[in-house]
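Inspection log for the structure reproduced underneath, given as structure tokens.
The values are calculated or read from the model by the stated rules, or taken from the named source; none is laboratory data. Please read these numbers as outputs of a predicted model, since none were measured by experiment. No Cβ is skipped: glycine too gets one built from the backbone with ideal geometry, and neighbour counts run over all protein chains shown.
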Amino acid sequence: MRPAGRAVGVGGLGYEVPERVVDNEWFTRYVDTSDEWIRQRTGIAERRWLEYGRAPSDLFAGAAGKALADAGVAPEEVDLIVMCTVSGDYQGIPQAACLVQEALGCRNAAAFDLAAGCAGFVYGLTTGAQFVASGAADNVLVIGGEALSRICDVYDRNSVILFGDGAGAVLLQPHDRCRRGLIEDLTLGADGGGGEFIIRPRGGPAEPITPEILSEGTHLVRLKGREVYRFAVDRMTNLIAWAMEGQELDDLAAVVPHQVNARILETATAKLGIPQEKVIINIDRYGNTSSASVPIALGEAVERGVIERGKLVVVAAFGAGLSWGGARLRW
């Protein structure tokens, strides 16, 4: 799915995480768990949750503003904002992208939300790249952001221990005018047959919210851990293999995967012979931030200087839907 037309690159990056740290011991007051149990099964030691009194869009705009500053682009120069989220301020009405547009002062930008769960950022990257490649836009903000703590059930051990909040953003531009990675190739996919594996089962338009639903908490996120694990190992392996086909391992700077589970990432990359030092993992500090996990990890990798100019960066993500996406960039 290589963008047809102008070459597209990353002109700026930014990310933001809440200051509030929630460690594993915090959950013992609500569910039967322990720090050791969570670490062994997920690799998570702590996660960030949005502070009370702050809205998700505050986090999203913070990351996007940093991406604009990094690129040296003024808010009024932005043509389009693609906001990838399933946990915006008002659950889609109005869309979070418009709140970000107002907060940043991007008065000339169109704005829309894109909901593809944990694969959302790669879906947004693909969408934004087409606008730039076609010449329809010169500056496209793609933001992956979530406040999943606001839609998790604190009494559901299978889900609440996994998720964190955060946001990351990139500014896409024609490659001849930007500072960083060229988008070489992209791939997307979906399998709606697995939709029930990660779901908010009730409380939406299909089954409107009632006092019973509220008391059960079934309007909040539920997931089937075993099914997700099997799917995730297979899909992560396939996405990285797709990105590396025809490429030399020595040419690889980093694999930036969606942060879903440390065991999944280790298993998938080991199958392909990817050295662990080339895999960017920060799930231990942030948990699963869904659509935000890839841009946060990418931003941290760039900050640490682990991505050499001219080297490859492989991105892989999967999640609710079921949906998945991959990207290969030349930094």
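So how many residues does segment 280-319 have that are among the aliphatic types (A, V, I, L, M), in a helix (DSSP H, G or I) and surrounded by 24 or more Cβ atoms within 10 Å (Cβ to Cβ)?
Within segment 280-319, the subset among the aliphatic types (A, V, I, L, M) is 280-281, 283, 292, 294, 296-298, 301-302, 306-307, 312-317.
Now narrow it down to the ones that are in a helix (DSSP H, G or I): 283, 292, 294, 296-298, 301-302.
Remaining after also requiring surrounded by 24 or more Cβ atoms within 10 Å (Cβ to Cβ): 283, 292, 294, 296-298.
Total meeting the criteria: 6.
If I ask for residues that are touching a residue at least 12 places away in the same chain (Cβ under 8 Å), on the phi < 0 side of the Ramachandran plot, surrounded by fewer than 24 Cβ atoms within 10 Å (Cβ to Cβ) and of a type in the set (Gly, Ala, Ser), which ones from segment 63-86 would you list?
Scanning segment 63-86 gives 65, 69.
Name the residue, out of 247, 259, that is buried (at least 20 other Cβ atoms within 10 Å of the Cβ), of a type in the set (S, T, N, Q) and either on the phi < 0 side of the Ramachandran plot or out of contact with any strand residue (DSSP E or B) (no Cβ under 6 Å at 6 or more places or on another chain) (or both). Give the derivation first.
Working: 247 fails: buried (at least 20 other Cβ atoms within 10 Å of the Cβ).
Criteria check complete, one pass: 259.
Provide a single number: the residues in segment 168-193 that are outside any strand (DSSP E or B), in contact with a Gly (Cβ under 9 Å, 6 or more places away or on another chain) and surrounded by fewer than 17 Cβ atoms within 10 Å (Cβ to Cβ).
Taking segment 168-193 first, the residues outside any strand (DSSP E or B) are 175-181, 191-193.
Next, from what is left, pick out any that are in contact with a Gly (Cβ under 9 Å, 6 or more places away or on another chain): 175-181, 191-192.
The next check asks that each one be surrounded by fewer than 17 Cβ atoms within 10 Å (Cβ to Cβ); those that pass are 176-177, 179, 191-192.
Residues in segment 168-193 being outside any strand (DSSP E or B), in contact with a Gly (Cβ under 9 Å, 6 or more places away or on another chain) and surrounded by fewer than 17 Cβ atoms within 10 Å (Cβ to Cβ): 5 in total.
Would you check which residues across segment 90-132 are free of Cβ contacts under 8 Å to residues at least 40 places away in the same chain, within 17 Å of residue 325 (Cβ to Cβ) and not in a loop (DSSP other than H, G, I, E, B) and list them?
Correct list: 113, 114.
Among (1) surrounded by 23 or more Cβ atoms within 10 Å (Cβ to Cβ); (2) not assigned by TED's automatic domain parsing to the domain that holds residue 62, where does residue 253 come up short?
(1)
Out of everything in segment 87-99 that is within 20 Å of residue 152 (Cβ to Cβ) and in contact with a strand residue (DSSP E or B) (Cβ under 8 Å, 6 or more places away or on another chain), what residue ends up being surrounded by the fewest Cβ atoms within 10 Å (Cβ to Cβ)? Explain how you work it out, then say what you get.
Initial filter on segment 87-99 (within 20 Å of residue 152 (Cβ to Cβ)): 87-92, 96.
Checking which are in contact with a strand residue (DSSP E or B) (Cβ under 8 Å, 6 or more places away or on another chain) leaves us with 87-88, 92, 96.
On the way: 87: 23, 88: 26, 92: 12, 96: 29.
By that ranking, first place goes to 92.
Considering segment 137-163 alone, what residues qualify as being touching an Asp or Glu at 6+ places or on another chain (Cβ under 8 Å) and of a type in the set (Gly, Ala, Ser)?
Matches in segment 137-163: 137, 147, 149, 159.
Look through segment 20-62, keep the residues that are acidic (Asp, Glu) and more than 24 Å from residue 262 (Cβ to Cβ), and return whichever of them is surrounded by the most Cβ atoms within 10 Å (Cβ to Cβ). Write out each step before concluding.
Taking segment 20-62 first, the residues acidic (Asp, Glu) are 23, 25, 32, 35-36, 46, 51, 58.
Subset that is more than 24 Å from residue 262 (Cβ to Cβ): 51, 58.
Numbers: 51: 12, 58: 20.
Looking at residues that are acidic (Asp, Glu) and more than 24 Å from residue 262 (Cβ to Cβ), I get 58.
Here is a check on your reading of the model: is residue 82 in a strand (DSSP E or B) and β-branched (Val, Ile, Thr)? I'd like the intermediate steps shown before the answer.
Working: in a strand (DSSP E or B): yes; β-branched (Val, Ile, Thr): yes.
Yes; evaluated as a whole, the condition is true for this residue.
Which residues, taken from segment 1-29, are over 24 Å from residue 53 (Cβ atoms) and in a strand (DSSP E or B)?
The answer is 8, 9, 10, 11, 12, 13.
Restricted to segment 192-224, and to residues that are under 19 Å from the mean Cα position of the chain (by Cα) and of a type outside the set (A, V, I, L, M, F, W, C), which residue is modelled with the lowest pLDDT? Let's see the steps before the verdict.
Just the residues of segment 192-224 that are under 19 Å from the mean Cα position of the chain (by Cα), to begin with: 195, 197-200, 221-223.
Now narrow it down to the ones that are of a type outside the set (A, V, I, L, M, F, W, C): 195, 200, 222.
Values: 195: 75, 200: 83, 222: 81.
Once the filter is applied, the top-ranked residue is 195.
Could you go through segment 136-153 and let me know if any residue there is under 30 Å from residue 244 (Cα atoms), within 18 Å of the chain's Cα centre (by Cα), touching a residue at least 12 places away in the same chain (Cβ under 8 Å) and part of a helix (DSSP H, G or I).
There is no residue in segment 136-153 that is under 30 Å from residue 244 (Cα atoms), within 18 Å of the chain's Cα centre (by Cα), touching a residue at least 12 places away in the same chain (Cβ under 8 Å) and part of a helix (DSSP H, G or I).
Looking at (1) crowded, with 19+ Cβ neighbours inside 10 Å; (2) over 16 Å from residue 67 (Cβ atoms); (3) hydrophobic (A, V, I, L, M, F, W, C), find the lone condition where residue 154 falls short.
If we test residue 154 against (1) crowded, with 19+ Cβ neighbours inside 10 Å; (2) over 16 Å from residue 67 (Cβ atoms); (3) hydrophobic (A, V, I, L, M, F, W, C), just (1) comes out false.
Got a sec? Which of 264, 240 is among the β-branched types (Val, Ile, Thr) and within 26 Å of residue 18 (Cβ to Cβ)? Walk me through it before giving the result.
Numbers: 240 fails: within 26 Å of residue 18 (Cβ to Cβ).
Every option except 264 fails the conditions.
Could you give me the residue pairs with C-beta distances under 9 Å whose first residue belongs to segment 201-226 and is not assigned by TED's automatic domain parsing to the domain that holds residue 149, whose second residue is assigned to a strand (DSSP E or B) and aliphatic (A, V, I, L, M) wherever it lies, and which are 6+ apart or on separate chains?
Within 9 Å, the pairs are 221/198; 221/199; 222/198; 222/199; 223/198; 223/199; 224/198; 224/199.
For segment 154-167, which positions are in contact with a Lys or Arg (Cβ under 8 Å, 6 or more places away or on another chain) and part of a helix (DSSP H, G or I)?
Within segment 154-167, 158, 159 qualify.
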